[in-house]
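*Asks:* Take a look at the following structure, please.
The values are calculated or read from the model by the stated rules, or taken from the named source; none is laboratory data. Bear in mind the structure is a predicted one, so any value in this text is a computation, not a measurement. Cβ sites come from the backbone with ideal geometry, for glycine too, and all protein chains shown count toward neighbours. Heavy atoms of the whole protein, side chains included, go into the accessibility calculation; ligands, DNA and RNA do not. Shrake-Rupley method; radii C 1.70, N 1.55, O 1.52, S 1.80 Å.
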Amino acid sequence: MRATLSISMLALFLAACGSQPPAPAEQKPATVESRAPAVVQTEPTPASIPATVSRTTTPEAFDPSSLAALRDPRSPLAKRNIYFDYDSYVVRDEFQTLLTAHGKFLAANPKMKMLIQGNADDRGSREYNLALGQKRADAVKKTLALLGAREEQVESVSLGEEKPACADSSEECWAKNRRGDILYSGEY
C-alpha cells in the first residue's frame, strides 16, 4: 500500500510539474498611433492660432463652383492656411470646415489644381523640418481627398523652415510658421 501511495504521489507530483504555468494577468494590447486626420485639440489656445484665422465660416455660404469665391474675402475659399500644433501633422478639427469648402470646390472644378506647401518653424534640424513640412502637406492632401478632391488635382510639397511667416523666436511666431499653405492654379 505504501508503494501504491508513493507511486500515486509521484504521479501527481510529475503531473503538476508537467502542467502549464498559470496564464499571466491579461495585458493591455499595444496601441497604434493613428495617422488619420483627427482631433488633437478641441479648444485651441489663443497663442496657438494666428488672429487671421476665422472659426465661423461655413461651406454652405458660397457657390463651390464659382471661381470668384477664391478671391472673395467673405468666402471660406479665401482662407488658405491650415495651422498645426508643435511637432504635429494632424489636421485640427477647427480646420475641417475650411478644408470641406476647398474639397467641395475642387470636386466642382475638376480642371482646377492645388499646391499645398507644408511649413515648419525653425526649431529642429533642416532635414527634420523638411520631413515635417511634407507630412503636414500630405495630411492636408489626404483630408481634401476624403472630402471630394481627386488625387491628380492636389500636389503636396515641403518648404520646411524656408518660408517663415514670422521671424521672431516666440511661441506666437512659431505658431504662425507651423502651417500648410494652399495655392490654386495660377498662384504658383
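*Asks:* Hey, among Ala120, Ala165, which residue is in contact with a helix residue (DSSP H, G or I) (Cβ under 8 Å, 6 or more places away or on another chain), open to solvent by 60 Å² or more (accessible area, probe 1.4 Å) and not basic (Lys, Arg)? Can you show your working first?
*Replies:* On the way: Ala120 fails: open to solvent by 60 Å² or more (accessible area, probe 1.4 Å).
Just one listed residue meets the conditions, Ala165.
*Asks:* Same structure, new question: Considering only segment 71-80, state which residues are surrounded by fewer than 18 Cβ atoms within 10 Å (Cβ to Cβ) and not in a loop (DSSP other than H, G, I, E, B).
*Replies:* Passing the criteria: only Ala78.
*Asks:* A further question follows. If I filter segment 168-188 down to residues being of a type in the set (Asp, Glu) and assigned to a helix (DSSP H, G or I), which single residue comes out as surrounded by the most Cβ atoms within 10 Å (Cβ to Cβ)?
*Replies:* Residues of segment 168-188 of a type in the set (Asp, Glu): 168, 171-172, 181, 187.
Next, only the ones that are assigned to a helix (DSSP H, G or I) stay: 171-172.
Working: Glu171: 12, Glu172: 14.
Selected residue: Glu172.
*Asks:* Here is a further query. Hey, Lys104 hits all of (1) of a type outside the set (Ser, Thr, Tyr); (2) surrounded by 20 or more Cβ atoms within 10 Å (Cβ to Cβ); (3) in a strand (DSSP E or B) but one; which does it fall short on?
*Replies:* For Lys104, the failing item is (3).
*Asks:* So, one more: Quick check, is Ala68 closer than 22 Å to Ser185 by Cα and without any contact (Cβ under 8 Å) to a residue 12 or more places away in the chain?
*Replies:* Details: closer than 22 Å to Ser185 by Cα: yes; without any contact (Cβ under 8 Å) to a residue 12 or more places away in the chain: yes.
It is true that Ala68 is closer than 22 Å to Ser185 by Cα and without any contact (Cβ under 8 Å) to a residue 12 or more places away in the chain.
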